[in-house]
Amino acid sequence: MSVGLGMPGVAGSPEEAPPTLAPRRKTRQLNVGGVGVGSDFPISVQSMCTTKTHDVNTTLQQIAELTASGCDMVRVACPRQEDADALAEIARHSQIPVIADIHFQPKYIFAAIDAGCAAVRVNPGNIKEFDGRVGEVAKAAAAAGIPIRIGVNAGSLDKRMMDKYGKATPEALVESALWEASLFEEHGFGDIKISVKHNDPVIMVEAYRQLAAQSDYPLHLGVTEAGPAFQGTIKSAVAFGALLAEGIGDTIRVSLSAPPAEEIKVGTQILQSLNLRPRRLEIVSCPSCGRAQVDVYKLADAVTAGLDGLTVPLRVAVMGCVVNGPGEAREADLGVASGNGKGQIFVKGEVIKTVPESKIVETLIEEALRIAEESGDSESGTPTVTVS
């Protein structure tokens, strides 16, 4: 039997696609190792390996972990010749497109292209004599059919822009990026993506707004050096939310002082929250208050842990009192409204049973697995959890 789940926009769902806050900004289209980038394609989530690139096996293991987490493409650092020498094997065995991240030495750009990387990210602000080598880079990239990301960072801004503006203002970041892009265009190369990163979300947002208004390049969003997991998540969510809500952004990376898989988890959730990526498992749980008659924190954590790995588009409401509980549980695919030592279990808006508090978690997990099986989608993966 087919079960119609309450997440709109999912293949096979009779409901219309979910609304977004703004249409995507129209851009030119790129192909990054088979992944489309630009306004005609879904927004991609990226991360960067923390391994030493020359340690091929460890790097490939981390790429596999990122792939399993939902990463669409991955960057690897290339600061030394031994890293450049490892790129070909990594690119050959990676399950997702590999982007070489190049700083300081222009020779590694050509090494990455020759190695078969899906794209190259260059930082013009710290690559020696970069402007004079653009023609060679453009010719090599065009021959290989790979795009170039011009990545401008506040921390390594071109000295000419620092001299002109005094600091990394939005205008300085944008002028630097567009200047470098114009050099590539002079050589007939236009497969370009741009990022203008800053650690201050306000400056970063304004820079991307200006860049979006002045060009049609696909844009990679990032708050650079965003910080530890909690702070970095907040800063990235605020900045990305502001831009994505305006249709700006084609790829994203949440830069956290945390394992790379956490970056993918946060980035994916940001996109799902804005209906820019099909939602999977979503836990709706109340923040608790003096009205709660159960331990909502413990209940929500137990349900989340019990459903770890379920990727069906399923909204599960875990509610702790009779004020909002029945309404939220009724609107979800599966839910519980708890109180007085028991819980009413809802499936698609109907109460199917009432169970003791001790049986709530067990019952919700059983019903979720049953719904997943009946929907014909019981694949494993990592769920997305929101707490409201």
Label-to-label distance, nm, for residues given as Asp114 and Glu350 (7 Å Cα→Cβ offset)
6.8 nm
Distance between modelled label sites at Arg209 and Lys139, nm, 7 Å Cα→Cβ extension:
4.3 nm
Averaging over every viewing direction, what projected area does the convex hull of the Cα atoms of the range 266-325 cover, in nm²?
4.6 nm²
Calculate, for the chain, the solvent-accessible area per residue in square angstrom, rolling a 1.4 angstrom probe over the heavy atoms of the protein chains.
43 Å²
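On a 21 Å Cα-Cα criterion, which of the cross-link pairs Lys52/Lys107; Lys52/Lys128; Lys167/Lys193; Lys164/Lys197; Lys52/Lys193 come out too long? Spell out each step's value before the answer.
Numbers: Lys52/Lys107 19 Å; Lys52/Lys128 23 Å; Lys167/Lys193 24 Å; Lys164/Lys197 19 Å; Lys52/Lys193 25 Å.
In this structure, Lys52/Lys128; Lys167/Lys193; Lys52/Lys193 lie more than 21 Å apart at Cα.
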When only alpha-carbon atoms are used, what values of Rg and Dmax, in angstrom, describe the range 184-243?
13.2, 43
Contour minus Cα-Cα span, Lys26 to Val238, at 0.36 nm per residue, comes to 74.1 nm
Taking alpha-carbon centroids only, the range 239-297 lies from the range 60-110 a number of Å equal to 27 Å
Can you give me the relative contact order of the range 92-132 as a percent, contacts being Cα pairs under 8 Å and 6 or more apart?
43 percent
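So for the chain, Kirkwood radius off the Cα pairs, Stokes-Einstein at 20 °C and 1.002 mPa s: how many µm² s⁻¹? Before the final figure, lay out each step's value.
Numbers: Rh = 22.5 Å.
For these conditions, the coefficient is 95 µm²/s.
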Working out 0.36 nm times the residue gap between Glu366 and Glu89, then minus their Cα-Cα distance, what length gain in nm do you get to one decimal?
95.3 nm
Taking Rh as the Kirkwood radius, which is the inverse of the mean 1/r over Cα pairs, what is the Rg/Rh value for the range 101-237?
0.97
Taking only the Cα atoms of the range 7-113, how large is their convex hull per residue, in Å³?
141 Å³
Using just the helices of the chain, give the 222 nm mean residue ellipticity in deg cm²/dmol: DSSP H runs with n ≥ 4 each add -39,500 (n - 2.57), and the total is spread over all residues, rounded to 500.
-12000 deg cm²/dmol
Excluding same-chain residues fewer than 8 positions from Lys359, which lysines have a Cα within less than 22 Å of its Cα?
Lys298, Lys342, Lys348
For the chain, percent of DSSP beta bridges that are antiparallel (nearest 5) comes out at 30 percent
With 24 Å as the cut-off, how large is the P(r) tail for the range 228-367, expressed as percent of Cα-Cα pairs?
40 percent
Determine, from the Cβ-Cβ distance of Gln81 and Asp131 and an R0 of 25 Å, the FRET efficiency 1/(1 + (r/R0)^6), rounded to the nearest 0.05.
0.60
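Where in the chain lies the longest segment free of trypsin sites (Lys or Arg not before Pro) that are both loop residues by DSSP (not H, G, I, E, B) and have at most 13 other Cβ atoms within 10 Å?
168-290
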Degrees separating the helix 130-144 axis from the principal Cα axis of the chain, which is the longest one:
60 degrees
Can you send over the carbon and sulfur percentage of the accessible area for the chain, probe radius 1.4 Å, protein chains only?
52 percent
For Lys164, put the label point 7 Å out on the Cα→Cβ axis and report which residues of the range 118-134 keep their amide N under 20 Å from it.
122-134
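The values are calculated or read from the model by the stated rules, or taken from the named source; none is laboratory data. Being a predicted model, the structure only gives us computed values, none of them experimental. In this analysis, Cβ positions are derived from the backbone assuming ideal geometry, glycine residues included, and neighbour counts consider all displayed protein chains. We work out accessible area using only protein heavy atoms, side chains counted, and drop any ligands, DNA or RNA first. Shrake-Rupley method; radii C 1.70, N 1.55, O 1.52, S 1.80 Å.
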